[in-house]
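Worksheet for the structure shown next.
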Amino acid sequence: MKLIAAVDNNWGIGCDGKLLVQIPADQKFFRNETIGKVIVMGRKTLDSFPQGQPLPKRTNIVLTRRTDLDTRGVIVVRSMDEALEKISEYDTDDVYIIGGDTIYGQFIDLCDEALITKIDHTYRADAFFPNLDERDDWALTHDSEEQTYFDLEYIFLKYSRIKRVAFEDEIRYYIQEYIIFILRRNEMSKYKILLTGAYETAINDFFTQMGDVFECATTSQRPGDLAAHLKFFGPDLVLYCMMDESEESIKNVGAFAATLKKSNVPIGVYGAEFEISSLKSHLGGSVDLEFVRPKPMPQIKDEIVNFLDDRKLSGLSDRDMASISSGAHASQPSAAPAGAPAGGGDNRKHILVIDDDPMMLKLIREYLKADYQVATAINGRTAHKFLETRTTDLILLDYEMPGDNGPVVLKQLRENPATANIPVIFLTGITERDKIQEALAQKPQGYMLKPIDHDKLMVAVKKFL
């Protein structure tokens, strides 16, 4: 499948439900590419067409949750599963994903090519295409000569997806994602996010794309509304989504931040750089989280989850931290003396898993818990804290982590006489040859690529235990 879009310098694609600009040569390119082919879009993209009618001489597939859409000439699908089932009826080389931003985000990892018209201008935008220049799984493979339309300059680009995994690994990846989804739904409570501001597109995305991890509520910027939601909703984070905010609104949120600080509730902001600077000037300092527009919503979700996970962890006592790391319940015995085995009376071998993704930790623990004692840590700091009072027989260590990455953590372990001889297996998604060689230069006892295969993991673990 292919993605096709026209973007500005910030990878903006639209504003207020309309294209940023219409360039005849780009429209001709789009028409020539998609005539006789299958185009997949969201309902808002369909609405942006003349009279809201499908494009002629193409198969129009619209992915929407709305049940009242019944436009002649349109194939309506209600979910990704239904969309993929319908798309499977066609040659995938003839399928084009044409927008909007949510649809691009849902399909980008399933596509092999992206045809981008890059416009050398920055527009006011509220919808964005994922920035392919910042992704290591996409590469620019072709560019045209520079084109002009009046005073606008633009160029036609082709990006290709790289590091495509084998079919078996792809199936394994989706199985793991499903398991992670079930684990999060059944075993993890949702963080509460209070949203405010005029950036309605971003606020809507929180409700439609992040319901698996966040319980969301919205409020106006009126002081009384803000205070009432703080009291009765009890948010874990207040996020100010800024878009052409009034001075009064900024002042109200700035004043509310003082109340949040007293209540130990962090505040984040999502907006343009100048908007964030304006809010910070009213605060007389910084905010807890900053997201500069444009930023893909999946990245925002991950950063918020990691921030709140780490915040929760840092608020625990050392005893609580050890209990959580080892998966113990509150009713179980407290920490044993320093250097004691991790499992008390349990004679099974012990494994410590270090990974910044809480759901990957949960998945690996599910794989191993029947045969081994398993402790988990979300970063090197937590792991070192755990090892101050516990021993382990094997460490499974994520290579790519924010802050101290896997090689740094391994170096720290080797420099500590108490942990220097613990065998370590790297777990990572990187596949570049030079990075693999760099990892092996750290002399770990093993190296496994993600997605993690259950059988291969068990073989690797049994080799050392």
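No value in this document is a laboratory result; all are computed from the given coordinates. What you see is a predicted model; the values in this text were computed from it and never measured. A quick note on method: Cβ atoms are made from the backbone with ideal geometry, for glycine too, and the neighbour counts reach across all protein chains shown.
Odds and ends about this structure:
- Around F274: net Lys/Arg minus Asp/Glu count, Cβ-Cβ under 15 Å: -3
- Dipole magnitude for the range 2-161: about 780 debye, using +1 per Lys or Arg Cβ and -1 per Asp or Glu Cβ, origin at the Cα centre.
- Look at K37, K411, K362 and count the other Cβ atoms within 10 Å of each Cβ; fewest to most, that gives K411, K37, K362.
- In plain terms, the bigger the Kirkwood radius, the slower the diffusion; for the range 2-161, with that radius from Cα pairs, at 25 °C and 0.890 mPa s, Stokes-Einstein puts D at 152 µm²/s.
- Counting neighbouring Cβ atoms within 10 Å and putting the fewest first, the residues E247, E366, E113, E145 line up as E145, E247, E366, E113.
- Those lysines that a straight Cα-Cα span of less than 20 Å connects to K261, excepting residues fewer than 8 apart in one chain: K192, K231, K251, K280, K312
- Amide H contacts for W138 (H built 1.01 Å from N in the peptide plane; partners 5 or more residues away or on another chain; cut-off under 5 Å): I162.
- For the range 1-15, backbone nitrogen atoms closer than 14 Å to the point 7 Å from D91 Cα along Cα-to-C-beta are found at 1-2.
- Under 28 Å from the Cα of K463 - lysines, other chains or at least 8 residues apart: K349, K362, K369, K385, K411, K435, K443, K450
- Fewest-first ranking of V77, V238, using other Cβ atoms within 10 Å as the exposure measure: V77, V238
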